[in-house]
Amino acid sequence: MTGCGRLCSAIVYCSLVKPFYIFNTLSRNVEQFRPGHPPTVTYYSCGPTVYLPQHLGNMRAYVFVDTLKRALRFNGFQVHHVMNITDVGHMTSDADGGEDKIEKTARAEHKTPQEVADFYIAQFKRDCARLNIELPQPPMLCRATDHIGDMIDLIKRILDRGLAYVTPSGVYFDVEKWRGPSQLGRLSRQSLAEQDAGQRLEHSPDKKSPHDFALWVLNQPNHLMQWDSPWGRGYPGWHIECSAMSMKYLGPTLDIHSGGLDHIPVHHENEIAQSEAATGRPFVRYFVHNAFLVGMEGVKISKSAGKFPVLDDLTDEGLNPLAFRLLCFGAKYRSELAFSLEAVRAAQRNLDYLLEFVRNLGGEAVDTVDDSGWVSAYAERFHEAINNDLNTPQALACTLEMVAESYRRRDFRVWNTLRRFDTLLGLNLEQFLQQTREAIFPAEILRLRDEREQARRARDFDRADQLRRELEARGYQIRDSKTGSVLMPKRVAP
Ligand code: AMP
Ligand code: ZN
């Protein structure tokens with residue numbers, strides 16, 4: 001970026017600044033968010049392990065990631081987001097024990113591990129699209145098996161700093177040496193004994209301490225996915241991929257790292273240890289964790305339970321996937337959220353209320369008029385809610401109340417604000433407004449619009465202007481934007 005470019009983006013950022021607060025698991029406090037190099041934010045979120053469909057609990061985690069990203073953008077930050085896809089090394093126990101999850105499915109379904117991963121990646125992407133979750137593009141959406149070399153390089157650095165050791169069964173991270181006298185986990189604040197009790201670690205006799213975890217696994221001839229390494233043929237432990245891929249794309253210190261609460265005691269604790277052991281620098285400024293989606297009986301929805309709800313279950317019931325998105329907003333990300341079809345149906349009623357409002361706006365030229373003065377109080381409340389540790393229940397309530405007041409006053413000049421709210425809510429309201437208009441505009445008007453669009457693309461501006469005048473004579477106007485032309489009636493809302 002040129003000096004001027006940097007200055008300009010800093011000015012845009014400063015003009016939008018309102019402090020953004022988020023709960024940092026490292027400090028156990030809600031803190032004002034201050035990235036290392038504003039307005040840029042580097043953000044890494046743990047992604048899916050692709051051996052079964054992602055259940056609605058997983059999807060809650062990704063809705064949260066998406067909402068956090070949108071909230072940062074809402075505040076003028078530019079987010080560099082990386083998400084991993086685990087397609088090797090995640091064992092049936094999070095702490096190295098058992099069988100590789102992908103290979104277990106591959107054996108059961110008589111497929112290759114790559115076929116299993118490809119299948120569930122496609123399904124994951126489809127479900128994210130249906131929930132309007134914007135995923136990073138490759139290489140920022142990165143597969144573990146594409147980064148084996150980066151993991152090997154990182155393990156070498158950890159070995160060079162004396163915090164790992166090589167044995168016949170693998171390269172292990174020396175947890176006790178890393179933690180020092182207190183032996184407490186920085187993120188979990190648990191001692192190793194407390195962590196052990198929760199994790200039922202399986203111990204290899206090669207480990208110096210039962211708490212050490214595998215960076216690279218050796219001499220497992222039954223494992224299907226194997227790569228050469230300086231220590232022999234083998235495969236990576238699960239945790240090392242996140243350190244390798246996050247630091248490769250985002251640098252040694254990340255502004256934000258997120259994942260579900262279940263990642264705190266083992267996965268994220270180990271990520272901090274191995275990353276900081278390699279670089280000697282702080283790994284993460286803000287660790288952010290989402291709470292679980294639970295069943296009505298209060299138990300975490302998980303794949304190991306055998307039966308779990310997925311997005312298809314909702315669409316099979318005739319529900320809009322975005323109703324699940326709205327359900328997620330109904331609880332703060334740090335609170336448990338109870339799942340039931342009834343709860344999604346209730347969320348669908350709120351969604352329908354918003355869509356109905358937008359449908360009613362479809363025939364009005366709401367895009368061209370300024371919002372009414374009374375709307376600004378809602379805009380203020382909404383911004384405060386999201387900047388207060390992502391208080392989505394309040395932001396949602398504020399949106400619904402604004403719509404109710406608009407009906408009450410019979411004053412529909414709220415669209416610009418609602419559209420801005422939707423950059424956070426992600427309910428595709430703008431697209432819905434356009435679809436509504438397509439449905440209500442006469443075919444002849446749409447034909448003139450398309451013809452004008454073609455003329456504009458062909459740089460035949462005389463013809464485009466002529467068609468614009470023709471549309472205006474028939475009571476319609478066109479507004480051009482970077483993303484295309486918006487057609488609307490000339491009538492202005494009361
Ligand atoms: P996995 O595919 O098991 O690696 O999980 C992907 C993401 O979903 C991780 O960030 C998990 O912490 C998160 N997760 C798993 N189960 C739930 C749940 N029931 N509610 C919310 N998040 C979850
Ligand atoms: Zn991870």
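Quick check, is residue 262 open to solvent by 30 Å² or more (accessible area, probe 1.4 Å), within 12 Å of ligand 2 (Cβ to nearest atom) and of a type in the set (D, E, K, R)? Outline the logic, then answer.
On the way: open to solvent by 30 Å² or more (accessible area, probe 1.4 Å): yes; within 12 Å of ligand 2 (Cβ to nearest atom): yes; of a type in the set (D, E, K, R): yes.
Against the criterion (open to solvent by 30 Å² or more (accessible area, probe 1.4 Å), within 12 Å of ligand 2 (Cβ to nearest atom) and of a type in the set (D, E, K, R)), residue 262 qualifies.
Residues being more than 10 Å from ligand 2 (Cβ to nearest atom) and open to solvent by less than 10 Å² (accessible area, probe 1.4 Å): count how many of those fall in the range 250-259.
Within the range 250-259, the subset more than 10 Å from ligand 2 (Cβ to nearest atom) is 250-256.
Then keep just the ones that are open to solvent by less than 10 Å² (accessible area, probe 1.4 Å); that gives 254-256.
The total comes to 3.
Just to verify a result, which residue in the range 55-82, among those that are polar (S, T, N, Q) and open to solvent by 10 Å² or more (accessible area, probe 1.4 Å), is nearest to residue 329 (Cα to Cα)?
Across the range 55-82, the extreme among qualifying residues is 58.
Determine the pairs where a residue that is within 16 Å of ligand 2 (Cβ to nearest atom), located within the range 290-311, has a partner that is basic (Lys, Arg) and modelled with pLDDT of 95 or more with Cβ atoms under 9 Å apart, the partner being 6 or more residues away or on another chain.
Pairs that qualify, where the first residue is within 16 Å of ligand 2 (Cβ to nearest atom) and the partner is basic (Lys, Arg) and modelled with pLDDT of 95 or more, are 290/60; 290/334.
Tally up the residues in the range 325-338 that are in contact with a helix residue (DSSP H, G or I) (Cβ under 6 Å, 6 or more places away or on another chain) and of a type in the set (A, V, I, L, M, F, W, C), please.
The qualifying residues number 4.
Check every one of the strands (runs of 3 or more DSSP E) wholly within the range 12-124 and list those with 2 or more residues that are of a type outside the set (Ser, Thr, Tyr) and within 14 Å of ligand 1 (Cβ to nearest atom).
Output list reads 78-85.
For residue 276, indicate whether it is in a helix (DSSP H, G or I), within 16 Å of ligand 2 (Cβ to nearest atom) and surrounded by fewer than 24 Cβ atoms within 10 Å (Cβ to Cβ).
Spelling it out, residue 276 is indeed in a helix (DSSP H, G or I), within 16 Å of ligand 2 (Cβ to nearest atom) and surrounded by fewer than 24 Cβ atoms within 10 Å (Cβ to Cβ).
Please list, ordered by first then second residue, the pairs with beta carbon atoms under 6 Å, 6 or more apart or interchain, first in the range 271-283 and away from ligand 1 (no atom under 16 Å from the Cβ), second of a type in the set (D, E, K, R).
277/161; 278/157; 283/276
The values are calculated or read from the model by the stated rules, or taken from the named source; none is laboratory data. As the structure is a prediction and not an experimental result, all values here were calculated from the model. Please note: Cβ atoms are built from the backbone with ideal geometry, for glycine as well, and neighbour counts cover all protein chains shown. When the accessible area is computed, the model is the full protein with side chains, heavy atoms only, and any ligands, DNA or RNA have been set aside. Shrake-Rupley method; radii C 1.70, N 1.55, O 1.52, S 1.80 Å.
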